[in-house]
1. Report, to the nearest whole %, how much of the accessible area of region 48-178 belongs to carbon and sulfur atoms, 1.4 Å probe, protein only.
2. To the nearest Å, what is the center-to-center distance of region 166-207 and region 323-392, using C-alpha atoms only?
3. With a ≥ b ≥ c the root eigenvalues of the C-alpha gyration tensor of region 107-241, is it rounded (a/c under 1.5), prolate (a/b larger than b/c) or oblate?
4. Place a +1 charge on the Cβ of each Lys and Arg in region 373-531 and a -1 charge on the Cβ of each Asp and Glu, then give the dipole magnitude about the Cα centre in debye, rounded to the nearest 20.
5. With equal scatterers on the alpha carbons only and no solvent term, can you work out the Debye log10 of I(q)/I(0) for region 372-451 at 0.13 1/Å?
6. With point charges of +1 on the Cβ of Lys and Arg and -1 on the Cβ of Asp and Glu, referenced to the Cα centre of the chain, which listed residue (22, 98, 460) lies farthest in the positive direction of the dipole?
7. If you take every residue apart from residue 500 with its C-beta less than 13 Å away from the C-beta of residue 500, what net charge results, scoring Lys and Arg +1 and Asp and Glu -1?
8. Using the crude model of +1 on Lys and Arg Cβ and -1 on Asp and Glu Cβ, and no other charge, please compute the dipole size for region 47-149 relative to its Cα centre, in debye to 20.
Amino acid sequence: MTDRGALIDPDWWQRGVVYQLYLRSFADSDGDGVGDLAGVFDHLDHLNDGTPGSLGIDAVLLSPMYPSPGFDVGYDISDYRGIDPVFGSMADFDRLLAACHERGVAVIVDLVMNHTSHLHPWFVASRSDRDGLYGDWYLWRDRAASARLGHRRPNNWRSFFGGPAWTWDSVRGQYYLHTFLPQQPDLNWRHPEVRTAMLDVVRFWLDRGVDGFRLDVFNVFFKDFDLRSNPRRWAPGFRSWDRQRHIHDKDQPELHELLAEFRALVDTAPGRMSVGELFTGDPAAAASYVAPRHLVFDFRLSAASSDVDALAAAIDQREAAYGEERWPTVVLSNHDQPRHASRLAGDPVRDVVAKAAAVLLLTLRGTPFLYYGEELGMGDVRVPRREIVDPPARRYWPLPLWKNRDRSRAPLPWTGVRPARAWIRPSADLATRNVSAQAAQEDSVLSLYRRLIWLRRASPALRSGSFAWESRRGGVLAYWRTVPEERVLIVINTRSGTATMPLPTGTAWEAMASTYGQWAGTVAPGPIRLRAYEAVILREVPPG
Ligand code: TEU
């Protein structure tokens, strides 16, 4: 058991910056090709060494580190209270947690509670004995009475990763439900003992000292009690998942009571939080689950293009959905999505666009979640077919129905040397795009991230201010973040041409940061000229 750090600000969940650390790819301490806990420990100075020479983040979100047979790269857990040997030991985990806390860095762990691995002892027991203790822990059903289209599955539900959501188990002689892979059977959350067992898991990690939880696909825990088929909907493309309205296989009312119980447990000590991963839903759905200290990811911005209207519409949608009372997250990339440096830009302008995106991430209203590697402007990696790891990507190849998630999971390049072994294909440009090279360059993407995060730490308006538009014309996004003592104006040119933006008159300005480094100190009144994709953060200088 680790004492939680006295240095951690209880409001970090709202004021801080979270670094999403994909453990397999962050830092490999033993050279086996897979990142590990000791690797994170060794590289904590990159995350926060207490000085602006580091990123200065407030929390890390670790991808699942539990034992797993790896059918979905760790999202199929076979022991919720252990550490997969590939990542190290529980002692390594405790050491990392303590070291983070000493630096005032909070630790969020990823809880995957909708499903277990098919090799978890609960499922092994459940399939072998339907009358035993674990018989009802999963969603088992008999063959339907009548055959339709040659099968007799209990309903028409589809797996998000392709194919039917029901797999026949010849051992038990029944179908079981899986929203994802057949190796990820869904738990029966209506069973009181499942609920008790999972809340015990939450207690286990709280007692170890973790500060928060990511709740993987939390809004699919409950399914319709009668398991009714989903209505069909018209949708382009061939993915059968997309051709249903998912009204019976997710977002059921029982979830609210479970969330209340889970959140009360997390809230028993100050400074703890959770962040729910909303599975397929819009900002309004995300906002409906939000509570103080309990965030819900809204992925609208990680899907928007760099077009000014698309970005502005995404921001409007979020602001309208959350209102002033509820606190959003800001996410541009994660381990399931293409990296935004590739999504928003082609190669010649990748760095300038990555810098503008950094300004967006760190100045919009909400808790920013920075995905490892974006601090270097890392882009997607092309992975040839024979090297694909991501299970749905293997299944769908070469159909354009799934974006291979491997592309955004490459090892973080610490130096320009190609790793001798890597579990996944490394980035092609690592010789130049790496931590050590960028740390030495004043104008690198990394140096900008460092400056922005430290600037944000010292700016009440950027951390917690309200949001209001100044302008969204001519390819320029301009918005205010305001608290009574500070007014900050953020101006971002989203286009490849230059842009002019008239500053509001009657006030004096000072530049806090800019992506080309050409702004410093007092800004002359009148219109400002922005270069391609340039972003600038201005503070209003109070009169007198
Ligand atoms: O993700 C749920 C999920 O499938 C979506 O995030 C999806 O990948 C995205 O919309 C892209 O289309 C979570 C985990 O983040 C993911 O890595 C797991 O594979 C999945 O749950 C199953 O546990």
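The values are calculated or read from the model by the stated rules, or taken from the named source; none is laboratory data. As the structure is a computational prediction, the values presented were derived from the model and not from experiment. Glycine gets a Cβ as well: all are built from the backbone with ideal geometry, and neighbour counts include every protein chain shown. Surface areas here come from the heavy atoms of the whole protein model, side chains and all, with no ligands, DNA or RNA. Shrake-Rupley method; radii C 1.70, N 1.55, O 1.52, S 1.80 Å.
1. Working: 2430 of 4810 Å².
Result for region 48-178: 51 percent of the exposed heavy-atom area is carbon or sulfur.
2. 32
3. Details: a/c = 2.38, a/b = 1.42, b/c = 1.67.
Oblate is the answer for region 107-241, as a/c is 1.5 or above yet b/c matches or exceeds a/b.
4. Numbers: 25 positive and 13 negative charges, 161 e Å.
Rounded to the nearest 20 debye, it is 780 debye.
5. -0.45
6. Farthest towards the positive end: 22.
7. +3
8. Values: 8 positive and 14 negative charges, 90 e Å.
Once rounded to the nearest 20, the dipole reads 440 debye.
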